[in-house]
Amino acid sequence: MNKTPWNYALSLLARREYSRKELYQKLSSHFPDCSHMQVEDVLERLKSAGLQSDERMADAWARSRYHKGKGPLLIARELTGKGVSEKLVREALGQPEFEWGRMACSVAQKKWLTMFGDKQGKIKITRFLNSRGFNFEHIDSALAELGI
């Protein structure tokens, strides 16, 4: 197959969803001789054909990271870094099946099962959940559910 920006973008999108910004960066670095307008043209064709969507990418990324035990603050930072708009980030994180407090509790149980009950354990759980991107409301909910 002839290696063109279009074909390269299709091969990337066949593996996973990419944001427009990610695709722009990949195409620009992989095809340094292509102008900004040529890359933008490929991206616009992909979007028009329904092959690239920041909304679809944000939803897929949020679901994947949620099921890996990551919190909304971390996922939002990641999506923003990938060039997804704040509006799409909010929509992706607001999916009704996402129960952030329950997820924080589940993550805490898996990670710190032996530390429950003492003050040091509570501090470690709080720091750990915060590093995973859960906000303090979710952390407090998890600690209350765990009886700490």
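The values are calculated or read from the model by the stated rules, or taken from the named source; none is laboratory data. Just so it is clear, the structure is predicted and the values come from calculations on it, not from any experiment. With ideal geometry, Cβ positions are generated from the backbone for all residues, glycine too; neighbour counts draw on all protein chains shown. These accessible areas exclude ligands, DNA and RNA; they are computed on the full protein's heavy atoms, side chains included. Shrake-Rupley method; radii C 1.70, N 1.55, O 1.52, S 1.80 Å.
The residues of segment 12-21 that are open to solvent by 40 Å² or more (accessible area, probe 1.4 Å) and within 12 Å of LEU51 (Cβ to Cβ), listed by number, are ALA14, GLU17, ARG20.
Pairs needed: first member in segment 51-73, open to solvent by less than 60 Å² (accessible area, probe 1.4 Å); second member anywhere, hydroxyl-bearing (Ser, Thr, Tyr); C-beta distance under 6 Å; at least 6 residues apart or different chains. As it stands, the answer is ASP54/SER19; MET57/SER19, since those pairs meet every condition given.
Sort through GLU22, GLU97 and tell me the only one that's in a helix (DSSP H, G or I) and among the charged types (D, E, K, R). Being in a helix (DSSP H, G or I) and among the charged types (D, E, K, R) holds for just one of GLU22, GLU97, which is GLU22.
Residues that are of a type outside the set (Ser, Thr, Tyr) and surrounded by 15 or more Cβ atoms within 10 Å (Cβ to Cβ) were ranked within segment 22-39; the one that is modelled with the lowest pLDDT is CYS34. Restricting to segment 112-140, and then to whatever is surrounded by fewer than 17 Cβ atoms within 10 Å (Cβ to Cβ) and part of a loop (DSSP other than H, G, I, E, B), can you tell me which residue is modelled with the highest pLDDT? The extreme case among them is ASN135. Among residues of segment 79-93 that are free of Cβ contacts under 8 Å to residues at least 40 places away in the same chain, those with a Cβ under 7 angstrom from a residue that is of a type in the set (S, T, N, Q), sequence gap 6+ or separate chain, pair up as VAL89/THR80. Could you say which residue among ARG132, ARG102 is under 30 Å from SER53 (Cα atoms) and either more than 18 Å from the chain's Cα centre (by Cα) or of a type in the set (Phe, Trp, Tyr) (or both)? The match here is ARG102.
How many of the residues making up segment 28-54 are in a loop (DSSP other than H, G, I, E, B) and under 13 Å from TRP6 (Cα atoms)?
Of the residues in that region, 5 qualify.
Can you pull out every residue in segment 65-88 that is of a type in the set (S, T, N, Q) and either closer than 15 Å to VAL107 by Cβ or not in a helix (DSSP H, G or I) (or both)? Matches in segment 65-88: SER85 only. Applying the condition of being within 26 Å of ILE123 (Cβ to Cβ) and among the aliphatic types (A, V, I, L, M) to segment 74-111 and asking which residue is surrounded by the most Cβ atoms within 10 Å (Cβ to Cβ) yields ALA104.
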